[in-house]
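Accompanying notes for the structure given below.
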Amino acid sequence: MLSVRDIVGRVSAGKSTAEAELAATQERIDAREPAIQAFASRPEGLRAGTGPLAGIACGVKDIIDTADLPTRMGSPIYEGWQPRADAPIVMALKAAGASVAGKTHTTAFAFLDPAPTHNPHDATASPGGSSAGSAAAVAAGMIPLAIGTQTGGSVIRPASYCGVAAIKTSYGLLPTVGVKPFSWSLDTLGLMAASADDLGLALAAIAQRPELDAGPATLQGLRIGVTRQDFAGAAEPACETALQRLSEIAAAAGAVIVPLETPAALAAAYEAHAPLQDYEARHALAWEYRHHREAIPPKLRSYLDGVQSAGAASYDEARRLSRRGRDAARGFFGACDVVISYAAPGEAPDTIGSTGDSKFNRLWTLLGVPCLTIPVLQGPRGLPVGIQIIAGFGADEVVIAVAKALERLVGAEA
């Protein structure tokens, strides 16, 4: 995979130019795209920008508005749709000097009907969803950076399946204006790259928050909570092995491992994710459902059929449970510096007809807290298995710093 920091370092040191790096990126995309199918559209050429990310080609999920490329939402309903303006996240990307490599394939309206993208590790395995193209393009070494979105688990899960690092930022850290909504209380932007180190550099530049690119955390004395999210169901054995391995690596480096019990309010908040999303999705896609129902793919069409009865009472109760969950989360995260848990239920499903299950991601999305996944091991089918590092709301720099330290140790053991 390509390293954001390596590319930026070569350009800033005068060992390469932004133009040369972008030309090399185009060659890699041309070589891999027929097999991976990561991109829904691409520009004719990549124009170099100026700034800390000059020379970085970034994939942009195709539910995010771009003024010079169509935004199709993974749906024929929006075939040929050309926004008049870039979304603020795209403007921020360009302001940092990065270039848009193209629009990456998404599941239709970021739901569950699979995208045409293939997992670079196994063409018959799922790349996940809904940010399938973003994860696969980074994993295949086509681009060093990509933007995704998460409503349930659509940044962390595909990153785990494809074996890349990814961060779902704290809710509101990155602007979602110009992003097609599915559930406005949940939709959150995230980044994918080869490593947590690359994520810190890129996010600091895009968000203009230099503190996000701090050095690796000191693990000595760091309190790392471990939760298995029993309220969400079981994980595959490979996930448990990965969680134990990361715990042991951290403990050997001096971290204090803290087993965590789940407060009832957090388990209740997990159950609130579905009714909250159902009500908001019904409204967010009301025009498409009313005027183009037959053009909506089967899984999403069936889902929307079912949520037409989602009413205000269940929505209000879900919001109340969400608020109680956020209150309880302060105590939950106060018992430790970070929390680690499964990033996905296991290896990528062995069929491209499934995007996997977001059950280990939904609570953290609902709480709006930062999550960062790194690959930890290969499962029995030879596919990546990741673990996510989570912290309290607004502590994005903490999860990045801890992930930097842990990924170095994981790499040293490999």
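For every residue, the table says whether it meets (1) part of a loop (DSSP other than H, G, I, E, B); (2) at pLDDT 95 or above; (3) out of contact with any Cys (no Cβ under 8 Å at 6 or more places or on another chain); (4) over 23 Å from Ala204 (Cβ atoms).
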| site | (1), (2), (3), (4) |
| --- | --- |
| Ile7 | no, yes, yes, no |
| Leu22 | no, yes, yes, no |
| Gln26 | no, yes, yes, yes |
| Ala31 | no, yes, yes, yes |
| Pro43 | yes, yes, yes, yes |
| Leu53 | yes, yes, yes, no |
| Thr71 | yes, yes, yes, yes |
| Gln82 | yes, yes, yes, yes |
| Lys94 | no, yes, yes, no |
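Taking segment 348-365 as the range and being part of a helix (DSSP H, G or I) and within 20 Å of Ile147 (Cα to Cα) as the test, the residues that pass are Arg362, Trp364, Thr365. Those strands (runs of 3 or more DSSP E) of segment 112-221 that lie entirely within it include none in which at least 3 residues are under 24 Å from Met73 (Cβ atoms), without any contact (Cβ under 8 Å) to a residue 60 or more places away in the chain and not charged (D, E, K, R). When Gly346, Gly411, Gly386, Gly394 are screened for being out of contact with any Asp or Glu (no Cβ under 9 Å at 6 or more places or on another chain) and either crowded, with 20+ Cβ neighbours inside 10 Å or of a type in the set (Ser, Thr, Tyr) (or both), only Gly386 passes. Within segment 38-51, residues that are farther than 20 Å from Pro114 by Cα have Cβ atoms under 7 Å from residues that are charged (D, E, K, R) in these pairs: Pro43/Asp68; Ala48/Glu19; Gly49/Lys94, counting only partners at least 6 apart in sequence or on another chain. Scanning segment 203-217 finds no residues that are under 19 Å from Arg362 (Cα atoms), of a type in the set (Gly, Ala, Ser) and surrounded by fewer than 17 Cβ atoms within 10 Å (Cβ to Cβ).
A quick yes/no check of all residues on (1) closer than 19 Å to Ser195 by Cβ; (2) in contact with a helix residue (DSSP H, G or I) (Cβ under 7 Å, 6 or more places away or on another chain); (3) modelled with pLDDT under 95:
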| position | (1), (2), (3) |
| --- | --- |
| Pro349 | no, no, no |
| Ile352 | no, no, yes |
| Leu363 | no, yes, no |
| Leu366 | no, yes, no |
| Leu372 | yes, yes, no |
| Val376 | yes, yes, no |
| Arg381 | no, no, no |
| Pro384 | yes, yes, no |
| Gln388 | yes, yes, no |
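Going residue by residue through segment 41-55, is there one that turns out to be under 19 Å from Gly178 (Cβ atoms), within 22 Å of the chain's Cα centre (by Cα) and surrounded by fewer than 23 Cβ atoms within 10 Å (Cβ to Cβ)? Checked segment 41-55: at least one residue is under 19 Å from Gly178 (Cβ atoms), within 22 Å of the chain's Cα centre (by Cα) and surrounded by fewer than 23 Cβ atoms within 10 Å (Cβ to Cβ). Looking across segment 107-155, just one residue is closer than 28 Å to Gly368 by Cβ and among the charged types (D, E, K, R), and that is Asp113.
Scoring Phe109 on the criteria (1) surrounded by fewer than 23 Cβ atoms within 10 Å (Cβ to Cβ); (2) over 16 Å from Arg42 (Cα atoms); (3) not acidic (Asp, Glu) leaves a single failure, condition (1). Considering (1) among the aromatic types (Phe, Trp, Tyr); (2) closer than 29 Å to Thr106 by Cβ; (3) out of contact with any helix residue (DSSP H, G or I) (no Cβ under 6 Å at 6 or more places or on another chain); (4) buried (at least 21 other Cβ atoms within 10 Å of the Cβ), the lone condition that Phe332 does not fulfil carries the number (2). Could you please find all residues in segment 357-366 being surrounded by 24 or more Cβ atoms within 10 Å (Cβ to Cβ) and out of contact with any strand residue (DSSP E or B) (no Cβ under 9 Å at 6 or more places or on another chain)? Arg362, Leu363, Leu366 - these are the residues of segment 357-366 that are surrounded by 24 or more Cβ atoms within 10 Å (Cβ to Cβ) and out of contact with any strand residue (DSSP E or B) (no Cβ under 9 Å at 6 or more places or on another chain).
Would you mind stating whether Gly254 is more than 20 Å from Thr151 (Cβ to Cβ) and either in a strand (DSSP E or B) or within 26 Å of the chain's Cα centre (by Cα) (or both)?
Considered against the rule, which asks whether it is more than 20 Å from Thr151 (Cβ to Cβ) and either in a strand (DSSP E or B) or within 26 Å of the chain's Cα centre (by Cα) (or both), Gly254 comes out as no.
Considering only residues of segment 257-296 that are acidic (Asp, Glu) and part of a helix (DSSP H, G or I), which is farthest from Gly178 (Cα to Cα)? Looking at the filtered set, the residue picked out is Glu271. Within segment 302-328, if we keep just the residues that are more than 30 Å from Arg290 (Cα to Cα) and touching a residue at least 40 places away in the same chain (Cβ under 8 Å), the residue that is surrounded by the most Cβ atoms within 10 Å (Cβ to Cβ) turns out to be Gly325. Can you say whether Gly14 is without any contact (Cβ under 8 Å) to a residue 24 or more places away in the chain, in a helix (DSSP H, G or I) and either surrounded by fewer than 20 Cβ atoms within 10 Å (Cβ to Cβ) or of a type in the set (A, V, I, L, M, F, W, C) (or both), as far as the supplied structure shows? Considered against the rule, which asks whether it is without any contact (Cβ under 8 Å) to a residue 24 or more places away in the chain, in a helix (DSSP H, G or I) and either surrounded by fewer than 20 Cβ atoms within 10 Å (Cβ to Cβ) or of a type in the set (A, V, I, L, M, F, W, C) (or both), Gly14 comes out as no.
The values are calculated or read from the model by the stated rules, or taken from the named source; none is laboratory data. Quick caveat, the model's predicted, so the values are computed rather than measured. So basically every Cβ, Gly included, is an ideal-geometry build from the backbone, and we count neighbours across all protein chains shown.
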